[in-house]
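> One structure, as structure tokens, below. Some questions next.
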């Protein structure tokens, strides 16, 4: 990551934290139980069966999405700005929820660049942000089973000399305990917005 991109990410995270602090304080004062910033899907969409692997090299299937709430984000390790900023934000959201005794969904990064994102590469990447983040990769056709279900867009964008980036959606999906997509957060992602809405979505508030 170039220095300019690192600076951009640092500024982005700093602004997110400042915004999150403000909205989090407002959340504690509000008695409203309906999500204000998330889009709750009219009907939860069940995720189909798929065969992927996590960053520890273990099989990752639909059954791994059941039993707990999860925040699913699609990105890749060569992403210069949005992906690292989002993972940092999600880590802070999780820590904030745990601190106030609320349900803290697990964080899941699904790679849209499996060609370069091997389990080892993903493992080193997600651990940089938080040991609790799980990275998932595998065959592109299997990944598309997830992206097509949730209308996530991803496409290679070549930059010359065989170098490429991946354009992709920045939405955060909220997967419920039954392994179905229950809600989503669109960018820009503000920490306080997620901290405020997630307990309302999971039913812990």
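The values are calculated or read from the model by the stated rules, or taken from the named source; none is laboratory data. Remember, predicted model here, so these are calculated numbers, not experimental data. Cβ: placed from backbone, ideal geometry, glycine included. Neighbour counts: every protein chain shown.
> When the stretch 15-38 is examined, which residues are found to be modelled with pLDDT of 60 or more and surrounded by 13 or more Cβ atoms within 10 Å (Cβ to Cβ)?
Passing the criteria: 35, 36, 37, 38.
> Checking the conditions here, which among 201, 190, 143 is in contact with a helix residue (DSSP H, G or I) (Cβ under 8 Å, 6 or more places away or on another chain) and surrounded by 15 or more Cβ atoms within 10 Å (Cβ to Cβ)?
Answer to the check: 190.
> Quick one: which of 137, 165, 118 is more than 19 Å from residue 193 (Cα to Cα), at pLDDT 95 or above and buried (at least 20 other Cβ atoms within 10 Å of the Cβ)?
Only one candidate passes the filter, namely 137.
> Could I ask something else about it? Quick one: which of 168, 189, 182 is closer than 25 Å to residue 78 by Cβ, in contact (Cβ under 8 Å) with a residue 60 or more places away in the chain and in contact with a strand residue (DSSP E or B) (Cβ under 6 Å, 6 or more places away or on another chain)? Can you show your working first?
Working: 189 fails: in contact with a strand residue (DSSP E or B) (Cβ under 6 Å, 6 or more places away or on another chain); 182 fails: closer than 25 Å to residue 78 by Cβ.
Step by step, each of 168, 189, 182 is checked, and only 168 is closer than 25 Å to residue 78 by Cβ, in contact (Cβ under 8 Å) with a residue 60 or more places away in the chain and in contact with a strand residue (DSSP E or B) (Cβ under 6 Å, 6 or more places away or on another chain).
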